[in-house]
Structures are given as structure tokens and as C-alpha cells.
1. For the stretch 78-106, name all the residues that are within 20 Å of the chain's Cα centre (by Cα), hydroxyl-bearing (Ser, Thr, Tyr) and over 21 Å from Pro42 (Cα atoms).
2. Just the residues that are out of contact with any Phe, Trp or Tyr (no Cβ under 9 Å at 6 or more places or on another chain) and in a helix (DSSP H, G or I), please, taken from the stretch 156-180.
3. Criterion first (of a type in the set (Val, Ile, Thr) and out of contact with any Cys (no Cβ under 8 Å at 6 or more places or on another chain)) does Ile370 satisfy it?
4. Collect the residues in the stretch 214-254 that are open to solvent by 50 Å² or more (accessible area, probe 1.4 Å), touching a His at 6+ places or on another chain (Cβ under 9 Å) and in a helix (DSSP H, G or I), keeping them in residue-number order.
5. Which of the residues spanning the stretch 255-265 are open to solvent by 30 Å² or more (accessible area, probe 1.4 Å) and either at pLDDT below 95 or within 16 Å of Leu109 (Cα to Cα) (or both)?
6. Checking the conditions here, which among Leu346, Leu375, Leu383, Leu362 is farther than 14 Å from Val60 by Cα and in contact with a Ser or Thr (Cβ under 7 Å, 6 or more places away or on another chain)?
7. When you scan the stretch 48-88, how many residues do you find that are over 25 Å from Ala347 (Cβ atoms), crowded, with 20+ Cβ neighbours inside 10 Å and of a type outside the set (S, T, N, Q)?
8. Restricting the stretch 294-353 to residues that are small (Gly, Ala, Ser) and open to solvent by 40 Å² or more (accessible area, probe 1.4 Å), which is nearest to Asp271 (Cα to Cα)?
Amino acid sequence: MTDPVPAPAPAPAPAAGLPPVRYELLHVCRQSGARLGRVHTPHGSFDTPAFMPVGTQGTVKGMSPAELKEMDAGIILSNTYHLWQRPGMETIGALGGLHRFMSWDRPILTDSGGFQVFSLSDLRHITEEGVNFRSHIDGTRQTLSPELSMEVQNVLGSDIAMAFDECTPHPADHAYAKRSLERTARWLERCLKAHRRPHDQALFGIVQGGTYADLRIQSVRETLAFDLPGYAIGGLSVGEPAEDMYRMLEAAVPLLPAGKPRYLMGVGTPDYLIEGAVRGIDMFDCVLPTRIGRNGTVLTSQGRVIIRDAKYARDPGPLDPACGCYACRNFSRGYIRHLVKANELLALRLASYHNLWFLLDLMKQVRRAIAEDRLLDFRAEYLERTGYHLRRK
């Protein structure tokens, strides 16, 4: 844990004629078909499959940019809705854009804000124009449309912007999921027309369709018609069984272009990361590592550990003996449990740091296994040892 990094210099524009974000395929695992790749952006490149820490409010909770670099985070995600609500795009624009605002000189992906307004449940109303909702900050009625989402993301200046979509809830019947994905396709067309920075900001489309394979295939075909720099799979990990998620990936991912990055939205448990990589996914994000860290739960090579449990009060060992992160190198389980019980801020910082390191290191292991053509063997050994997949049974 070190001091924050200085404000970054403006990112160079891509060479003339090149798209702002490009995918380079490095190797295909002969055992699984998983992809090892590299994504190039105006703010640098990162290797895939990759986990993206989530910085909802322009910060990954409890972590400084320097700490994220220590754990080798190649790209982070920030949230359009929350930054639009506070401090506002005008403020961020006046302060030089999101990279300078948060002092992060590596790639940033911004989501569209759609998931947040849809998650407001009874406080929102979906129309063809957009989503009308009540602000979680001051209660005022507001509308987020495809055009406004793009305007905010253009001002933020992320390397990758996401199209405004309707995140189909689970469960949803076939008719609703079909109407939802078709609206998402119409909104994508409006996003493209409203996009003002195609030279230095890539726009990714989002595949919807619920848990219906025929609708996922329809959504892929409608989204591919726009020939975008990258594609995301949305509307999964929203409560459906794991088997349904895997089935939807197996229906949709093989239809996506091999030369473009593939992003599975909102996924961050170790088993889902590995299973997604096996099925050809390149990018993942989730708030899980910091959220459970703030509640005193850590991910380890032997499974989850609830560090507040009394049995760890005098435990001299690290959170995870197999981990090389700052927290594990310097502090015992007993000490971190003490911090948790005393409500000390350092507790949530150490647990969050460890969890982020753990997932980023897991992706390094996945990439190594792909390069060595042994990802299926790695999956079998890892899940048997850790038991993460058993928590879903």
C-alpha cells in the first residue's frame, strides 16, 4: 500500500484508421478452446481473460490507484449512473475527464447506467424513450435515455462505453424477454447515432434474451449487425441457476466474432470466472470482492473464510497461506479479526485488498493454464480444492 499516483497525462489518440479498442488473439487452449488475448486501448493494453475491479463512484472502494497498480489491475470499471448523479458530468468534464478526475492512467470501462435504473424496481418506469425513475439521492423524477447515457459517457471519456440496454429481469417469460431484447437493439442504434467520440472511445453492444437460447441467438444477430468494437453478454448472474448461465453462454458466445473482445457483465465469483473463460469470455466485472470484504469475508485458496468468526481470534496465520498480497504478507487472521470486531477502517481495506488481489491473481493462473493448454485440468483441480462451485448446489 503506497501513496496515490500523480495525475496522468492525456491519452494519445489511436493511429489513423485504427479503432480505439482492438483485440489481439494470442493463443487458443487446445484442451478447452478458451482464449488468451490482449485488448489495446487509448490508455494502454491489458491481457485477457481479465477481471475488472469496480469503481462505482470513481473509486474502487477503499483502494488507491497505486494499490490497484500493485495488484496489477489492467482495467477498472466505473458507473455512469452514479457519476451522473454525483458529482455530475459537468464537474468531471471541467476537471479533465474521468481518468484525470480519479488519477488513473490505465483503461476504464463505463457501464451505461441501465442496470442501476432498472434495479430501482418499483421506482422506475420503462418506455421507448428511456427509463423514468426517482433519484436515489434527492428523490426527483428523472429520465435516462440512450442519448443521455452516451452524452455522459462521452464526457467521462472512458476507453470503453457500454450501450444503454434493458437488463431483462429473472425470471421473465419468453414474450417479455423478446420485447426487451428488441428494445435493447433499437436503443443500441440510438446510442450509435448519439456517440460523439468514436475515434477514441469504443462502444460495446449488449446481448440480452433472458434464459432462452433462441432469444440469445436473435439478440446476437441483431447486435452484430452494427459491427461494433466489442460485445457484452448481459442479463446473467441475476438469480438464475448456474446451469442456465452456462447454457446461455454456450448458445451466444460461439456466434460472436473471434476478433472482438467478449465481456460477461456482473460476474466475479471464482467458479464463474473460470467457467466463463472456458466458454470463451475475455472480460468480467463484479463488486463482490470489495462488498464481501467490507463484511469480513475473504476468498482463499481453500474456499471462503468469514474472518469475524471466533475461531480466528488467536490464529497467527495469514488470510491465505498461498497468497502473496500485502495483507497476507504482513498481518495475521487474529489481527484482522480484531480490526473487524473493533469496526476499524483498516479491516475493510485489508480484506478488500486481499480479495481483489485474489481474483486478479486467479485470472493470471487462468491465463497461464490457457497458454499451457490445460485449462480444463486447472478447473477440475481448482474447484475440487476450493469448493466454490458447491455453494451453488
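1. Tyr81
2. Listed by number, the residues that qualify are Ala175, Tyr176, Arg179, Ser180.
3. Working: of a type in the set (Val, Ile, Thr): yes; out of contact with any Cys (no Cβ under 8 Å at 6 or more places or on another chain): no.
No: the conditions fail for Ile370.
4. Hit for the stretch 214-254 is Asp214, nothing else.
5. Our first condition is that a residue be open to solvent by 30 Å² or more (accessible area, probe 1.4 Å); within the stretch 255-265, this holds for 255, 257-260, 265.
Those that are open to solvent by 30 Å² or more (accessible area, probe 1.4 Å) and either at pLDDT below 95 or within 16 Å of Leu109 (Cα to Cα) (or both): Lys260, Met265.
6. Details: Leu346 fails: in contact with a Ser or Thr (Cβ under 7 Å, 6 or more places away or on another chain); Leu383 fails: in contact with a Ser or Thr (Cβ under 7 Å, 6 or more places away or on another chain); Leu362 fails: in contact with a Ser or Thr (Cβ under 7 Å, 6 or more places away or on another chain).
Exactly one residue qualifies, and that residue is Leu375.
7. 7
8. Start the filter on the stretch 294-353 by keeping residues that are small (Gly, Ala, Ser), which leaves 296, 301, 303, 310, 313, 317, 322, 324, 327, 332, 334, 342, 347, 351-352.
After this cut, where a residue has to be open to solvent by 40 Å² or more (accessible area, probe 1.4 Å) as well, the list is 310, 313, 322, 342.
Numbers: Ala310: 28, Ala313: 29, Ala322: 18, Ala342: 32 Å.
Looking at the filtered set, the residue picked out is Ala322.
The values are calculated or read from the model by the stated rules, or taken from the named source; none is laboratory data. Note that the structure is predicted; figures quoted are calculated from it, not measured. Methodologically, a virtual Cβ is constructed for each residue, glycine included, from the backbone with ideal geometry; neighbour enumeration extends over all protein chains shown. For the accessible areas, the whole protein counts, side chains as well, though only heavy atoms, and no ligand, DNA or RNA atoms are used. Shrake-Rupley method; radii C 1.70, N 1.55, O 1.52, S 1.80 Å.
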